[in-house]
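Structure, as structure tokens:
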Amino acid sequence: MTKKQQLKRRAAKRRAARKRRIIRQMIIVTMSILMVIILSLLVFSFTKLRRKASYAVSDYEKKNYISSVVDKEYMSKDLCVTDEDVSISGFSGLDGVHGEALFDVTDKKVIYADNIFEKLYPASTTKILTTYVTLKYGNLDDIVTVSSHAVDMPFDAQVCDLREGDKITLYDLLSGLMLYSGNDAAIAIAEHISGSTEEFVELMNEEAKKLGATGTHFVNPHGLHDDNHYTTVYDLYLIFNECLKYNDFKEIYSHKSYTGKVTGIDGEERNITWVPTNQFSSGESVIDSDFENNGGKTGTTMKAGACLVLSSTYKNGKECISIVMGAKDKPELYDAMNQLLEASENELN
């Protein structure tokens, strides 16, 4: 190959290399432009979609998203809310009581709160949640057949004197439960609503959580003692307050006495009369003169002490829920409740 041919060949190689560089640069520039266009379109589309979806997301969160922010905004709207104890000047409560509170239901205000978030044994105040679940899921006209399990109670347990095979309306059972605190009625109700006490208790705990009663865990529908069966004063307020939305609840707990009609397994009918264990309703104790007793639910065991969740109306028309847990005996319980009501009067005016 001559020198001239060699020079020509080198020149051709240089031209080819230069052409390849130009093509690569053009490809890179073209790809960069395309990427910019694609990214711009994506950003535009995403922004547009986000704007369109913002209201839908907000609505969904309000209806379905469980968070402390949503809970505070929506769940607490019609509730008395506090995250700490609330005092009344000159009132320190009764020594030895496990927890006390008074809630102004009319103005949605916590008047007094002492030890309201501590886990306590509820005794038969458990039956407030049993009642709530029954009102929510049951038909009070249903005829319930009492099982052998329902009447298998400890000898010293409070019972409505039901017998195996008895037939009784759910309304009458609920009256025996709330007024006379019958443990046999609690089991009969649980089995009727859910098929078994175990499934009913699961439902109780689910409903408690829905109401915000997160300090509550029950293992039975009646409140006989179990170390894993507990609640708080504030949770009892939440549950009782929800019950007040039911007219049947107000009707039942306001009775001064109630006679249930029972048909025995032999077909014979008999009447059973129940008087309230709430002594303000039965007349055994007298409520503070500035308050009218509407009704309530008691509970007593050795470890829980004497307990009372009470609905009352102050003289100016304000409705209240007051709670005393863990008094040493019944006289002390009603004395403590009256002290609490009296101390709250200035705050309710």
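The values are calculated or read from the model by the stated rules, or taken from the named source; none is laboratory data. Keep in mind that this is a model prediction, so the values were computed, not measured. Every residue, glycine among them, receives a Cβ derived from its backbone with ideal geometry; neighbour counts consider all protein chains shown.
Quick look at the values:
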read-out: Filter result (surrounded by fewer than 20 Cβ atoms within 10 Å (Cβ to Cβ), touching a strand residue (DSSP E or B) at 6+ places or on another chain (Cβ under 7 Å) and over 23 Å from ASN247 (Cα atoms)) within the range 276-320; value: ILE287, ASP290
read-out: Subset of the range 124-173 [surrounded by fewer than 18 Cβ atoms within 10 Å (Cβ to Cβ) and in a helix (DSSP H, G or I)]; value: LYS136, TYR137, SER148, HIS149
read-out: Leading residue by the ranking (surrounded by the fewest Cβ atoms within 10 Å (Cβ to Cβ)) among those in the range 174-190 that are assigned to a helix (DSSP H, G or I) and of a type in the set (Ser, Thr, Tyr); value: TYR180
read-out: Criterion (assigned by TED's automatic domain parsing to the domain that holds TYR237, within 19 Å of ILE265 (Cα to Cα), touching a residue at least 40 places away in the same chain (Cβ under 8 Å) and of a type in the set (S, T, N, Q)) met by exactly one of SER147, SER181; value: SER147
read-out: Residues (acidic (Asp, Glu) and in contact (Cβ under 8 Å) with a residue 12 or more places away in the chain) located in the range 194-252; value: GLU207, ASP235, GLU242, ASP248
read-out: Enumeration of residues in the range 195-229 that are buried (at least 19 other Cβ atoms within 10 Å of the Cβ) and among the small types (Gly, Ala, Ser); value: ALA208, ALA213, GLY215, GLY223
read-out: Listing of helices (runs of 4 or more DSSP H) fully contained in the range 191-294 that carry 2 or more residues being farther than 30 Å from GLU347 by Cβ; value: 197-210
read-out: Qualifying residue in the range 93-105 (condition: within 15 Å of SER312 (Cα to Cα), modelled with pLDDT of 95 or more, under 17 Å from the mean Cα position of the chain (by Cα) and not polar (S, T, N, Q)); value: yes
read-out: Criterion violated by ASN338 - all others in (1) under 15 Å from PHE103 (Cα atoms); (2) part of a strand (DSSP E or B) satisfied; value: (2)
read-out: Hey, LEU174 out of contact with any Phe, Trp or Tyr (no Cβ under 9 Å at 6 or more places or on another chain) and either modelled with pLDDT under 95 or under 22 Å from SER257 (Cα atoms) (or both) or not; value: no
read-out: ALA336 being buried (at least 22 other Cβ atoms within 10 Å of the Cβ) and either of a type outside the set (Lys, Arg) or touching a residue at least 12 places away in the same chain (Cβ under 8 Å) (or both); value: yes
read-out: Single unsatisfied condition, ARG270 versus (1) within 25 Å of ALA157 (Cα to Cα); (2) surrounded by fewer than 23 Cβ atoms within 10 Å (Cβ to Cβ); (3) within 28 Å of the chain's Cα centre (by Cα); value: (3)
read-out: Qualifying positions in the range 321-331 - in contact with a strand residue (DSSP E or B) (Cβ under 7 Å, 6 or more places away or on another chain) and either acidic (Asp, Glu) or not in a strand (DSSP E or B) (or both); value: LYS328, ASP329, LYS330
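Yes or no, residue by residue, for (1) among the hydrophobic types (A, V, I, L, M, F, W, C); (2) closer than 20 Å to LEU236 by Cα:
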| residue | (1), (2) |
| --- | --- |
| CYS307 | yes, yes |
| LYS315 | no, no |
| GLU319 | no, yes |
| MET325 | yes, yes |
| LYS330 | no, yes |
| ALA336 | yes, yes |
| LEU340 | yes, yes |
| GLU347 | no, no |
